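Read through the structure below, which is laid out as structure tokens, and then see the notes.
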């Protein structure tokens, strides 16, 4: 089989740019029905395996929301002109001033003191009825204009049968450039080697809410992903979700819902995303990587378990070559030898792409071993090297399924801890290879 041998990195299209979403049509219908009903939940927890399109879905929803929002236009002066100022009596003004002023969840009311109004409270209350008449015809005209505009907006959303919007819509460019003020995307700052979403990142959401919507409609917050929150940032997010500002939508991407605070889950509507069908993964691989080998595609489909993100990662790091090394090392370990183990671990630790491939490959192989032991593995399209590894891990299909599941969980925790506290990658690689054979 002519697998690629040179390191050729493929960069998949970013979810902010991607105009299409393959699969997940049922989830699209669920959200569309919710937004059209006028009773849309303020927070949506997008749950499912990593790399199956949850962030792309969130960006797709955001574009739809903004594309069907009212457009900011220069309104004719007579639209605002007719309403005359109402004259308030002194007692009415004093009573109004005594009311505590609330500015939502981010600031408390202002204390105006007990002496507001003073002696003016005793003014002649007969003046309370003295105020100028409001031009009722003009107010009616204002209300009519607002109703017409609101109706047009609602009809635009109500007529929609999908979340797809025109690719030439200006919303696309604004979101890609990060210039659209009604959208806030929170992700770890990987460019500066930060792997967590910090409290400071969450506090940026509060700053975001202090600015009025530019379109007079929904504001959207996307967090990718909840798995990257630490305990402090998770609690900070919880406080925001407990008292969300009006006309705000949260899309919370989550790869493992079991690792998320129950209190966060309880304040969001969970939308489960299922693995992509093999046909969709195959189509995406061929469409995006034109010269990819057909046999390699079959292997990637069999190993990625419905995650196109995993498939891309495995491709980028030449997973078949990594698998061959893993097979040889596991064979040595079973024979009581540690030949080439340290050298292999050091090589992976120094190469981020290969380390990423090893990490994804280890999880995919553990999943395949579990599938083998329950009779659910279709190994017809899996190459000999991968089949041998799966057979060693599963002990020919005889190993206890719960034991395999626990081993997979332990390995996943090791990788997560390595990323979180910067453990030595060499140690994690060695421990993983030993763990799969226990």
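The values are calculated or read from the model by the stated rules, or taken from the named source; none is laboratory data. All values reported here derive from a predicted model rather than from experimental measurement. Every residue, glycine among them, receives a Cβ derived from its backbone with ideal geometry; neighbour counts consider all protein chains shown.
General remarks:
- Residues within the stretch 2-40 that are at pLDDT below 80 and over 18 Å from residue 56 (Cβ atoms), tallied: 8
- The helices (runs of 4 or more DSSP H) found entirely in the stretch 370-438 that carry 3 or more residues being at pLDDT 90 or above and within 22 Å of residue 349 (Cα to Cα) are 401-421, 425-435.
- From 343, 372, residue being assigned by TED's automatic domain parsing to the domain that holds residue 293 and either under 30 Å from residue 188 (Cα atoms) or in contact with a helix residue (DSSP H, G or I) (Cβ under 7 Å, 6 or more places away or on another chain) (or both): 372
- Criterion violated by residue 62 - all others in (1) crowded, with 17+ Cβ neighbours inside 10 Å; (2) more than 22 Å from residue 267 (Cα to Cα); (3) at pLDDT 85 or above satisfied: (2)
- Checklist (1) in contact with a helix residue (DSSP H, G or I) (Cβ under 9 Å, 6 or more places away or on another chain); (2) farther than 29 Å from residue 68 by Cβ applied to residue 231, failing item: (1)
- Some residue of the stretch 354-366 being at pLDDT below 90 and either in contact with a strand residue (DSSP E or B) (Cβ under 9 Å, 6 or more places away or on another chain) or exposed (fewer than 15 other Cβ atoms within 10 Å of the Cβ) (or both): no
- Evaluated against (1) touching a residue at least 60 places away in the same chain (Cβ under 8 Å); (2) surrounded by 17 or more Cβ atoms within 10 Å (Cβ to Cβ), residue 36 falls short on exactly one condition, (2).
- Looking across the stretch 207-220 at every residue that is over 18 Å from the mean Cα position of the chain (by Cα) and in contact (Cβ under 8 Å) with a residue 24 or more places away in the chain, the one that is nearest to residue 188 (Cα to Cα) is identified as 209.
- Test: residue 349 is crowded, with 22+ Cβ neighbours inside 10 Å and either outside the structural domain of residue 429 (by TED's automatic domain parsing) or assigned to a helix (DSSP H, G or I) (or both): no
- The condition of being without any contact (Cβ under 8 Å) to a residue 12 or more places away in the chain and closer than 16 Å to residue 428 by Cα holds for only one of 338, 345, that being 338.
- Residues of the stretch 192-219 that turn out to be surrounded by 14 or more Cβ atoms within 10 Å (Cβ to Cβ), in contact with a helix residue (DSSP H, G or I) (Cβ under 8 Å, 6 or more places away or on another chain) and closer than 26 Å to residue 35 by Cα, as a count: 8
Conditions tested, residue by residue: (1) within 18 Å of residue 60 (Cα to Cα); (2) assigned to a helix (DSSP H, G or I).
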site	(1), (2)
171	yes, yes
185	yes, no
204	no, yes
207	no, yes
